[in-house]
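In what follows, a structure is listed as structure tokens, so that the remarks can point back to it.
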Amino acid sequence: MLAAIRQFAKSWVALVLIGLLVVSFALFGINDVFTGSTSNAVVTAGSRKVSTADFKREFDSFRKGAEQQVGQPITNEMAAANGLDTRVLNEVASREAFGEMLAKIGIKPSDTLITRELQKIPAFFDQVSGRFDKNLYAERLNENGLTPPAFELIMRDQVAGSHLVSALANGLRVPRAYTALGAIYAMESRDVGYFTIDPRNVTAPALPTDAQLTELMKENAAALTRPEFRVLTVVHFSPAMISANLPIDPAELQKRFEFRRDTLSRPETRSLVQIPAKDAAAAQAVAARLAKGEDPGAIAKSLGVDAITYADKPRTAIADPKVGQAAFTLPVGQIAPVKGDLGFAVIRVSKVTPGQAVTLEEIRPQLEAELRKDAAAEKVYEMTQAYDDAHGGGANLAESAKKANVPTFTIGPVSAQGAGPQGQPVSGINPKLLATAFSLPQGGESGVEEAGNGEYYAVRVEKITPKSMPPLAEVKPQLVRVWMMREMVKRLQVKADELAARVRKGETLEAVASSVGARVGRATGLDRRNAGQSQALSQDALIKTFGAKPGEVYTAEAPTFGLVVAKLEAVRAPTGPTLARMTEESRPQMTESTFREIQADAQKAAGTLVKVKTYPNNARLAIGLEPIEPKKDAPAPKTEKAK
């Protein structure tokens, strides 16, 4: 594909088409040419707009997080099929609406405050000078697809939101009566009597017929259907394959060392204290007080200034160059008044850590690795060009790989989710390669595609095994077990319902239990705090116990395979000092829960106030998927209250 594009780009036809495109872009704008609209917004919230590029960045971040959780690659198609695109769209819309609302009501952090917050982030500081580095700041943001204005808007929203949350949370406290009700609910205790029935109490079902098993297969077709599998031949261009064997040019190594020497060396650092003074006489007085052993902080405070402390900092970290020059000439323990560019100051040096100039031999492995990596990247690009030239000339994947001197390897059978026939992850594959492979027909070959990190690939689909149901004989043992268990559960439920009906009509639990050879057990003093520790009752039985009325009879799952017939025998409300203690102890937790509901309502109100809108089709286009419906404005969904 790349070779064909290169050849076409050299033709006169391409030059004419490119000229027409340039004119079209100038007259109508790029968006108009392709979409008929000048807007590529995914979310609009008042004055704010989230572009397709911004949405793609956020979506990719969410998708990568999901990949780490599930431990396997997730394509954009898979993510969208599971609603990840909609989830990200809704969260972005809620966040932007809330940020816009905060600005509208006047909660706007100052530029000075944002600058201070930015200068607390270590990633933006030069490791040599110890100073905030604007170039490094822009570079780090660019690596993450952000610009300084976009990142600073995020910072403003976070600071404004935290200030609002602090103000609301500090003044919020739910009424004591409210927490008392919660304490009563949590401490209410219940007594339940029960007995268990198991498969011994019912007649075992007969083995199923093939017809019954076939019907069971149809009912569970979605779970039993095997996904489509493909066998692939892959050509992988990777710098790691060739970098280890590349020779190093000594001249290039020396050149790289000279270029990197200063940044790799460790400068001398010093620890010192600096006290500003208004004039030379004041500086002499401060020096005298320091010499007598007075605390630098106390001296500075008495003068109405702050002592400036530098701990293990290089000379470049000291704001006043003349002060820095003086500080890096003083011996340890010495005190000196200095007239700097910013005024008079007194300095005292407490520690000196000598610098160390790096030698070529010390960093030879690092520099050689860098040179091999750079050379390998160039070599990989040459190999992809050789492959493209051969492939564009009519050679198949294997022949093109041979001419480019790149090995091929087979992957599969593999599903679109990257799993093998037994559900195990298949190695040597990534989401981009999978997406390419499953877009081709059997026998189809891709061009060279970029995989990221300087790697490329091309793929051929050797074989496609369509989705299919397994033959009955293959899954019969498993189906028999499922069918027998399902029938047994039905019979147990019928029996349990019959016994529960007898208790409801007036027979005692003991009498009914005795009729089936069971014994009555009792769980007493169960409350919502300790119920989970009960070994006698299952989770299903506990849920039904706390949902029942006094005297109610019910059936539920047993801890082992079987059912219980149970009766709620008593309900007791808490009283006295314990209730009072729980009321106070639960107050902070219930206050926090109430605050979360207020916060959710605030986000919901923000969407209404700023008239936030989402554009789902633009969101799909941003992540490379086809629109699912004609373009239209969509109001952002309501935010659910926090539970």
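Every number in this text was worked out from the coordinates using simple rules, so none of it is lab data. All values reported here derive from a predicted model rather than from experimental measurement. Ideal geometry is used to build each Cβ from the backbone, glycine not excepted, and the neighbour counts take in all protein chains shown.
Worth a mention:
- Of 551, 40, 458, farthest towards positive along the dipole that unit charges on Lys, Arg, Asp, Glu beta carbons give the chain: 551
- Too-long pairs where the Cα-Cα distance tops 31 Å, listed order kept, from 313/379; 255/379; 379/467: 313/379; 379/467
- By the count of other C-beta atoms within 10 Å, a proxy for reagent exposure, 98, 195, 344, 595 are ordered fewest to most as 595, 344, 195, 98.
- The modelled label-to-label distance for the pair residue 482/residue 370, using points 7 Å beyond Cα in the direction of Cβ, is 5.9 nm.
- Per-pair calculated FRET efficiency, R0 = 45 Å: residue 113 and residue 409 via Cβ, rounded to 0.05: 0.20
- By the beta-carbon count within 10 Å of each Cβ, the least crowded to most crowded order of 54, 527, fewest first, is 527, 54.
- Point-to-point label distance, residue 150-residue 522, nm (Cα→Cβ direction, 7 Å offset): 6.8
- With each label modelled as a point 7 angstrom along the Cα→C-beta vector, the residue 47-residue 570 pair spans 6.7 nm.
- Calculated FRET value between residue 358 and residue 248, using beta carbons and R₀ = 30 Å, to 0.05: 0.95
- Inter-part distance, the stretch 172-213 to the stretch 360-402, computed on C-alpha centroids, equals 64 Å.
- Each of 200, 260 was scored by other Cβ atoms within 10 Å of its Cβ. Arranged with the fewest first, they read 200, 260.
- Helical contribution to [θ] at 222 nm, DSSP H n ≥ 4, -39,500 (n - 2.57), averaged over the chain, rounded to 500: -16000 deg cm²/dmol
- Pairs beyond 22 Å (Cα-Cα), from 278/351; 278/301; 278/339; 490/544: 278/351
- Each peptide in 557-564, 491-498 gets a packing score, the mean of other Cβ atoms within 10 Å over its residues, and the list from highest to lowest is 557-564, 491-498.
- Span-rule helices in the chain, defined as complete DSSP H runs reaching 18 Å or more along the axis (Cα) with Kyte mean at least 0.5: 12-28
- Computed extension gain for residue 626 through residue 142, at 0.36 nm per residue and net of the alpha carbon distance, reaches 171.5 nm.
- Stretched out straight at 0.36 nm per residue, the stretch from residue 489 to residue 511 would grow longer than its current Cα-Cα span by 5.6 nm.
- Candidate lysines for bridging to residue 56, where Cα separation is under 25 Å - those fewer than 8 sequence places away on the same chain excluded: 64, 432, 604, 611, 613, 631, 632, 638
- Computed extension gain for residue 533 through residue 382, at 0.36 nm per residue and net of the alpha carbon distance, reaches 47.7 nm.
- Top positive-direction residue, dipole computed over the chain with Cβ charges, set 330, 381, 484: 484
- Efficiency of FRET between residue 594 and residue 184 - r from beta-carbon atoms, R0 25 angstrom, step 0.05: 0.90
- Dipole size of the stretch 216-369 about its Cα centre, with +1 on Lys/Arg Cβ and -1 on Asp/Glu Cβ: approximately 300 debye, rounded to the nearest 20.
- For the pair the stretch 313-346 and the stretch 534-568, the centres of their Cα atoms are 78 angstrom apart.
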